[in-house]
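Trainee: Mind having a look at this structure? Questions to follow.
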Amino acid sequence: MIKNFLLTTLLSLIIVSCGSDNEIDINEFDVSVSVDDLEDGRAPIDPAINDGRFDLIWKVDDNGAFGYTANFFLSVNSNLDTSNDILFGFVDCDAFGSCDHDTRNDEECYFTNDLVMFCGDEDDTTQYDVDEIVDSLPMDAYIIIEACTTFDCTTEAHRIRLL
């Protein structure tokens, strides 16, 4: 009897601590560059301007899940395909992560002349070759954010032009 009570209590605490709503929502996602967006809304990312720097800006509502992981992909279209799209950055957004799970966040990223993308400090981060999907420049593409909690994932895409 006491075992059943303790087990039921423990399971209830686990369910409550994970949040009552398992859905995650991306409320904002933007790619910011040092020049104006193009007429069609694409953010122009150019290695010759500001060392190819672009900023990823996002706000996610994890609906009480106490954190999420944000993955950033370069894609030829607006639909995430993890077998073809190239992951070039990720952050953990929780109490112990590199970003806060309940505020607006931004990440400094770069695109180089060598067709490499990365986020963070060039000396302290993994750099990702994107030449598998970049056939020629200029190229219209998408940056996709995938935000995931333990129970749910969602995506949002932003149009870019690699120059």
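The values are calculated or read from the model by the stated rules, or taken from the named source; none is laboratory data. All of these numbers come straight from a predicted model, not from anything done at the bench. Glycine also receives a Cβ, built like all others from the backbone with ideal geometry; neighbour counts cover every protein chain displayed. Just the protein is used for accessible areas: all its heavy atoms, side chains included, with ligands, DNA and RNA removed. Shrake-Rupley method; radii C 1.70, N 1.55, O 1.52, S 1.80 Å.
Trainee: Quick check for me: using +1 on Lys/Arg Cβ and -1 on Asp/Glu Cβ, what's the dipole size of segment 67-150 about its Cα centre, in debye to the nearest 20?
Mentor: 300 debye
Trainee: Excluding ligands, DNA and RNA, what is the solvent-accessible area per residue of segment 55-124 at a probe of 1.4 Å, expressed in Å²?
Mentor: Per residue, segment 55-124 has an accessible area of 50 Å².
Trainee: Pull out the extension gain between residue 30 and residue 53, defined as 0.36 nm times the separation in residues minus the alpha carbon to alpha carbon distance; nm, one decimal.
Mentor: 6.9 nm
Trainee: Using R₀ = 22 Å, calculate the FRET efficiency as 1/(1 + (r/R₀)^6) where r is the Cβ-Cβ separation of residue 38 and residue 135; round to 0.05.
Mentor: Efficiency, rounded to the nearest 0.05: 0.65.
Trainee: Report the residues of segment 131-163 in range of a label on residue 114: point 7 Å along Cα→C-beta, backbone N strictly under 16 Å from it.
Mentor: Only 131-132 pass the distance filter.
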